[in-house]
Amino acid sequence: MNLYQILRMAHSGWRYIVFAMLVIAFLSALINWIGKKPFSATSKKINLFTLISMHIQILIGLVLYFLSPLVEAGIRYWKMEHIGLMIVAAVMVTIGNARSKKGNDDNRHRSAALYFGLALIVVIMAIYTMTMVDPSRTFFGTTK
């Protein structure tokens, strides 16, 4: 097993953590925003862990991008759309985390819910696109 295969497995497995953290962060921020709850240390930790998990995933993905042996024209999705959409999602998470540190409690939860929700939509869009490009993969990235 070489470095590329190890990183690919890590990237593939870590996606579940990122997806779960995005869902948790979005729902937590939404519930706290609607419930007009104060911005707590728990909210801050959830946002931070979401940010960290997303950035780890992006770093592994960027290393894979440059190590990838895939150069054929048929893999345009992996070389263009996938990386582009994931970077947009990471930027949304970063902005959401940064904006949730400022303002009053209502604005903090609203910012987190908005940006984490947008990131979640982008990630789901990328997953859906992957299933269209490679019909052998399911929504959760496994092969059929």
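Where a number appears in this text, it was derived from the coordinates with a stated rule and is not lab data. Model, not experiment: these values are computed from the prediction. Positions of Cβ are generated from backbone atoms using ideal geometry, with glycine treated the same way; all protein chains shown enter the neighbour counts.
Computed from Cα atoms, the angle from the helix 105-133 axis to the main principal axis of the chain rounds to 20 degrees.
Taking only the Cα atoms of the chain, the radius of gyration and Dmax are 16.4, 52 Å.
As I understand it, the value is the acute angle between the Cα axis of helix 82-99 and the longest principal axis of the Cα atoms of the chain; what does it come to in degrees, rounded to 10? Orientation of helix 82-99: about 20 degrees from the principal axis.
The long axis of helix 41-67 is offset from the longest Cα principal axis of the chain by roughly 20 degrees. Annotation for Thr129 and Ile17: the two label points, set 7 Å from Cα along the Cα-Cβ direction, are 2.5 nm apart.
Averaging sequence separations of C-alpha pairs under 8 Å and six or more residues apart, then dividing by the length of region 3-133, give the relative contact order as a whole percent. Show your work: numbers first, answer last.
Numbers: 130 pairs, mean separation 46.1, N = 131.
Across region 3-133, relative contact order equals 35 percent.
Ellipticity at 222 nm from helices only: DSSP H runs of n ≥ 4 in the chain, each -39500 (n - 2.57), divided by the residue count, give -26500 deg cm²/dmol. In terms of packing, defined here as the mean over residues of other Cβ atoms within 10 angstrom, the peptides 26-38, 1-13, 47-59, 123-135 line up highest first as 47-59, 26-38, 123-135, 1-13.
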